[in-house]
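The values are calculated or read from the model by the stated rules, or taken from the named source; none is laboratory data. Just so it is clear, the structure is predicted and the values come from calculations on it, not from any experiment. Every residue, glycine as well, gets a Cβ built from its backbone with ideal geometry; the counts of neighbours run over all protein chains shown. Please note that ligands, DNA and RNA were not included when accessible areas were found on the heavy atoms of the full protein model with its side chains. Shrake-Rupley method; radii C 1.70, N 1.55, O 1.52, S 1.80 Å.
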Amino acid sequence: MSTLSVAPTRMELTHIKGKLDAARRGHKLLKDKRDEMMRQFLDLIRQACALRERVERCISQANQDFAFAAAVMGEKRVYTALLVPRQSTVVDVSSRSVMRVEVPVFHARTRTADLSNAFSYGWMETSANLDDAVTALSAVFPDMLRLAETEKACMRLSTEIEKTCRRVNALEHVMIPVYTENIRQIRMKLNENERSTQIRLLKVKDRILAESQKAAH
């Protein structure tokens with residue numbers, strides 16, 4: 001195990017003890033943060049899976065309706081019917097904080113609130129399948145926005161979780177063991193110095209006693 005190069009003094013021992021306490025507190029806080037982010041990440045993953053299943057099912061149905069409409073009307077007439085849209089949508093992007101991680105929030109605004117503006121064609125000369133396809137896509141659009149923001153939140157949370165895990169591992173497997181080992185070595189050195197000092201004092205005492213006894217004779 002690698003250790004820091006430190007002076008074996010009591011002041012340094014106190015300093016490293018403070019670092020060890022701070023590292024242990026930081027380790028606990030980061031572990032708690034990681035665990036909470038993992039909980040919220042798994043919740044978002046479940047939401048994203050449910051949304052994706054619903055979105056893919058609706059889009060698949062809309063594609064089938066478009067195919068039926070093209071078979072009945074012809075692809076050129078379908079293209080012409082959808083060429084000039086009557087409705088437009090603007091997506092506003094804001095953000096919210098999840099465990100201090102900024103994740104996007106999407107808000108859709110349509111040009112008008114009239115739902116019939118989703119149809120850019122007259123109903124007399126088009127197939128009902130085309131109506132069903134446009135209706136399905138209009139209905140699934142909010143779920144598509146929610147899916148996009150949820151998956152983006154998952155990506156950002158996963159990145160932050162990875163960073164936090166690296167910090168937790170660095171503290172747990174590197175810094176805390178290094179500080180602990182340095183404290184052990186400093187204590188050993190201090191104890192060794194203390195024993196050496198005691199031995200020198202005993203020798204000095206013995207020498208003084210021997211000289212005193214020699215002088216008395």
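I'd like the trypsin sites (Lys or Arg not before Pro) in segment 67-153 restricted to DSSP loop residues with at most 12 other Cβ atoms within 10 Å, sorted by number.
Values: sites: Lys76, Arg77, Arg86, Arg96, Arg100, Arg109, Arg111, Arg146, Lys152; in loops: Arg86, Arg100, Arg111.
Loop-located and lightly packed - Arg100, Arg111.
Return the lysines within reach of Lys203: Cα separation strictly under 30 angstrom, same-chain partners fewer than 8 residues apart disregarded; answer none if there are no such residues.
Correct list for Lys203: Lys189, Lys214.
Taking the chain as a Gaussian network, Cα atoms linked when under 10 Å apart, which of Met99, Met124, Met175 shows the biggest mean-square fluctuation?
Result for the chain, Cα springs under 10 Å: Met124 fluctuates most.
With every protein chain left in place, what is the accessible area per residue of the chain in square angstrom, probe 1.4 Å?
That works out to 69 Å² per residue.
Check cross-link reach from Lys33 to the lysines: straight Cα distance under 25 Å, and skip same-chain residues fewer than eight apart.
Here the lysines satisfying the reach criterion relative to Lys33 are Lys17, Lys19, Lys152, Lys163.
Which GluC sites (Glu not before Pro) from segment 111-217 combine a DSSP loop assignment with at most 14 other Cβ atoms within 10 Å?
Glu125
For the chain, which whole-number percentage of the solvent-accessible area (1.4 Å probe, protein heavy atoms only) is attributable to carbon and sulfur atoms? The partial results should precede the final answer.
Details: 8530 of 14940 Å².
Within the chain, the accessible surface is 57 percent carbon and sulfur.
Considering only protein heavy atoms, what is the solvent-accessible area of Asp114 at a probe of 1.4 Å, reported in Å² to the nearest 10?
Ignoring ligands and nucleic acids, Asp114 comes out at about 80 Å².
Write down the Å³ per residue value for the convex hull defined by the alpha carbon atoms of segment 21-164. It would help to have the intermediate numbers written out before the result.
Values: hull volume 15.8 nm³, N = 144.
That works out to 110 Å³ per residue.
May I have the extent of the alpha carbons of segment 148-217 along their three principal axes, as whole Å values ordered from largest to smallest?
Per principal axis, max minus min of the Cα coordinates gives 102, 12, 6 Å.
Mean-square fluctuation check for the chain, GNM, Cα pairs under 10 Å: which of Pro85, Pro104, Pro142 is largest?
Comparing Pro85, Pro104, Pro142 in a Gaussian network model of the chain, the most mobile one is Pro85.
In the full protein assembly as shown, how much of His107 is accessible to a 1.4 Å probe, in Å² to the nearest 10?
100 Å²
Gap in Å between the Cα centre of segment 11-46 and the Cα centre of segment 105-169?
37 Å
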